[in-house]
Every structure is written in C-alpha cells, then in structure tokens.
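Below is one structure, written out as structure tokens; comments come after it.
The values are calculated or read from the model by the stated rules, or taken from the named source; none is laboratory data. Note that this is a predicted model, so its numbers are computed, not measured. Don't worry about glycine lacking a Cβ; one is built from the backbone with ideal geometry, like all the others, and counts go over all protein chains shown. Note: areas computed on protein heavy atoms with side chains; ligands, DNA, RNA excluded. Shrake-Rupley method; radii C 1.70, N 1.55, O 1.52, S 1.80 Å.
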Amino acid sequence: MIDLNKARENMVRDQLMPRGINDPRVLAAMRKVPRHRFMEEALWGEAYGDYPVPIGERQTISQPYIVALMTQALELKGQKKVLEIGTGSGYQAAILAELSRKVYSIERIRSLFLRARKIFDELKYFNIVLKVYDGTLGWPEESPFDAIIVTAASPDIPAPLLEQLAPKGRMVIPVGDRYSQTLKKITRTDEGFEEEDLGGVRFVSLIGEHGWKD
Ligand code: SAM
C-alpha cells in the first residue's frame, strides 16, 4: 500500500521545486490538497505521478506541475476572486480555494460537475461555487474577476473573458490548435492587455461559443 501523504510530499520536492515553482503559498497548497480524492479509487496509485490522469468523459486532471505553474502565474495575494473555466475533477479549483477568497468554476459536463460538488462538500471547500454552462461566456453577473484560469485549450482568447478581467487582473489560458498550445498569461493594464508566453502545453479542447465548436 503506497503512502499517499508521502507521495504528495515527494511530488512537491521532485516535480515542482526543481522546475521553478517557488511561491511558498502555492507549494503549501500543493502539499495540502489530497489530489487522489479527486480521482477514482482505482487510480489513487497514479495520483502523484508526473502526468495527467483520466477522470472519465474523455477528460483529464492536469499534470501536477501544470496546475502549480498556472496557479503561480495568477499571483493570488490577498482576498481575490477567481474564475475557473473547466472544473473537471475539481482539483485545480481546490488549490485555488486555498489561495483566494472565492472561486467560481464552470464545467460543461454535468456528471463532472456533480462529482466535483460532492468532493467539495466532503472536503469542506465552502468557498467554491459551481455551475454547468458554456464557460467561454464567463460569469458576467459575478464579474470582474481578479484572476481567470482556463483549463482547456482554446483556438483564441474568448472575448467575454477579457471583458470580465478586473484592472490589473491576470488570466492564464492555453491557446493553440487541438494538439498543442502555448500557455499564455494575460495581464490587464491601464493601456490594455499584456501577453507573456509560459511554454508549450497539451490540453483537452475548450468547447463552446468562443472556443471549438465540437
Ligand atoms: N481543472 C480540471 C481539474 O483540475 O481536474 C481539469 C480540467 S480538464 C483538463 C478540462 C475541462 O474543461 C473538462 O472537464 C471539460 O469538460 C471542460 N470544458 C471544456 N469546454 C468547456 C466550456 N466551454 N465550459 C466549461 N468547461 C469546459
């Protein structure tokens, strides 16, 4: 029987720290959140590996390093309000919930939404609100957001998400084709938007009005 707490500690030490994840709050959240609980029990042995893991419905929970990299890029200091597009297993939202005041997360597949809601209740994450919807439209009633994270690959940056980003807010989103993308960090400035590339990634597709059509 593998020691999952020890495996999580090793994940932080061997996969995150050597690759430049150095924000102590992000490292603490990655040490704390029980990633295995967001997967089927049969896959718990894979929970702390250096790769994505299937979560059903042809979707995945992202590689731990990518979760940490995207979270660090959002620079969540203080009481921030965060929007996530693509709840999936709920793991990324739980990491964000450790570092912000409130997390709004949207998922288009109902069965994933229901499973995430159950695990948030079990783990007592009461600062995450969820809805089943097309996340490419954002969550206008709750905007603006200090940070927006898109955890599915988009052909372009959806315009509604740019509009819903607060002044000085940051967005992290994989942009590219269906097979490979560049992780982009967008910062809203007084003059407009600044863009920075964080490297190559491979995500499942963002499907919706401002994403891929199917
Ligand atoms: N953040 C997730 C986690 O921690 O497990 C991983 C997300 S998975 C890589 C991408 C998710 O985005 C899938 O669950 C998929 O159904 C969802 N998705 C794709 N298009 C979407 C859209 N337009 N709105 C909301 N969710 C979407």
Subtracting the Cα-Cα distance of residue 31 and residue 156 from 0.36 nm times their residue separation yields 41.7 nm
Here the relative contact order (percent) of the chain, from C-alpha pairs under 8 Å and at least 6 apart, is 15
Dividing the helical contributions, -39500 (n - 2.57) per DSSP H run of n ≥ 4, by the residues of the chain yields a 222 nm value, nearest 500 deg cm²/dmol, of -7500 deg cm²/dmol
Filtered pair list for the chain (Lys only, Cα < 17 Å, 8 or more apart or interchain) has a length of 15
Full extension between residue 2 and residue 101 adds, at 0.36 nm per residue less the Cα distance, a length in nm of 32.3 nm
Answer in debye to the nearest 20: the dipole magnitude of region 88-174 about its Cα centre, from +1 Lys/Arg and -1 Asp/Glu charges placed on Cβ, is 260
Counting only protein heavy atoms with a 1.4 Å probe and every protein chain in place, the carbon and sulfur fraction of the accessible surface of the chain in whole percent equals 50
Computed about the Cα centre, the charge dipole of the chain from +1 Lys/Arg and -1 Asp/Glu charges at the Cβ has a magnitude in debye, to the nearest 20, of 660
With 0.36 nm assigned to each residue of separation and the Cα-Cα distance removed, residue 121 to residue 141 gains 4.8 nm
To the nearest 0.05, the calculated FRET efficiency linking residue 180 and residue 22 through their beta-carbon distance, R0 being 25 Å, is 0.40
Kirkwood radius from Cα pairs of region 64-201 plugged into Stokes-Einstein at 37 °C, 0.692 mPa s, gives D in µm²/s equal to 221
With a Förster distance of 25 angstrom and the Cβ-Cβ distance between residue 129 and residue 41, calculated FRET efficiency to the nearest 0.05 equals 0.40
Simple spin-label estimate for residue 166/residue 191, 7 Å along Cα→Cβ, in nm, reads 2.4
